[in-house]
Amino acid sequence: METEKPSYYAIIPAEVRYDHRLKANEKLLYGEVTALCSSSGECWASNKFFAELYDVHITNVSRWVNSLVDKGYLESQLVYKEGTKEIEKRVLRLSSVSKNVKTPHSKNVKTSISKNAKENNTSINNTSMNNNILSSNLDDIKGKAVEIIGYLNEKAGKRFSHKTKETAKHINARLKDGYTVDDFKRVIDNRVMKWARDKKMKEYIRPDTLFTPTNFEKYLNDALDSLPDRPPVYKPSISEEEAKELLEKGDITEWME
C-alpha cells in the first residue's frame, strides 16, 4: 500500500541548505525530520517509512541518515526493549548544531503568509534566484529522462514516452537516489542482452519493470558484474559485416545471428 503523503511543512535552515557536502536528498530528509520532530525534538520515523514516502530503496535512506549524523546535523539513538538486546525503535534528534531550528510544532514559527511579513528587494531577488534554480533543475531532469527513454527505445525497438506519469516518476526517483544516466544505460543494455531474444521476457523491457527501486539496483549490479568496461551494443537488425566492424572496434564482445 502506498504511503500517505503528509500535509505538514518542513524547515531546512541555511546552514543545511548551503552545506555543499550534503546531497540534495540529504537536505530534504533533514527537513522531513524537523517536520516530524515532536515538541521534545524527537523523530521516531523508520527508514522504511522514508523509503516508502519518497519511493526509494531503504539503503539509500540509510546512507542519507548516516551522512547527516556524520556531519553533525542529526543524532541517532537505538532504543532497546527493556531487558533485551532487541531493537524497539530508532530515535533521531536535531544535534547541537541545529538546536536553534524551530520545528513546525513550535508556536513561534511564522509561516511565509504571515501578515507581519514585509516584502523587500532581498526577498524578491531570493525568490527569483530560487525559481531560476528550480527551473534549471527541472530542465536538467527532463533532459536526462529524454536521453534515457530515447536510449531504451533505440536498444529495444520500442516507442515509450518520457512524459508518461509512472515512467517520469521512476526515472526522477532513481536520479534522486544518486544514479546516473550511464547507470540507466547499463541496466538497459543488460536486460536487452538477456531478454530481447526471449519471447516471454522481452515484453518486460519497459520502464515500469526496469526502473523500480528493487529491480533497478538488482539489474545494475548484475550489469556491473557481467559487462566489460565498454558495454556491448545490441542492434536487432545488425548484419554480419557490421558485427565484424564493431567487434574489431571493441564496441561489442560477441555477436549471434
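A few remarks follow.
- Of all residues making up the range 151-169, the number that are in a loop (DSSP other than H, G, I, E, B) and within 21 Å of the chain's Cα centre (by Cα): 4
- Qualifying positions in the range 170-210 - more than 16 Å from residue 225 (Cα to Cα), assigned to a helix (DSSP H, G or I) and either in contact with a Cys (Cβ under 6 Å, 6 or more places away or on another chain) or polar (S, T, N, Q) (or both): 172, 209
- Tabulated pairs, the range 164-185, first within 15 Å of residue 60 (Cβ to Cβ), second aromatic (Phe, Trp, Tyr), C-beta under 6 angstrom, 6+ apart or interchain: 170/211; 174/211; 174/216
Any read-out appearing in this document is the output of simple, stated calculations on the displayed coordinates, not a laboratory observation. Just so it is clear, the structure is predicted and the values come from calculations on it, not from any experiment. Ideal geometry is used to build each Cβ from the backbone, glycine not excepted, and the neighbour counts take in all protein chains shown.
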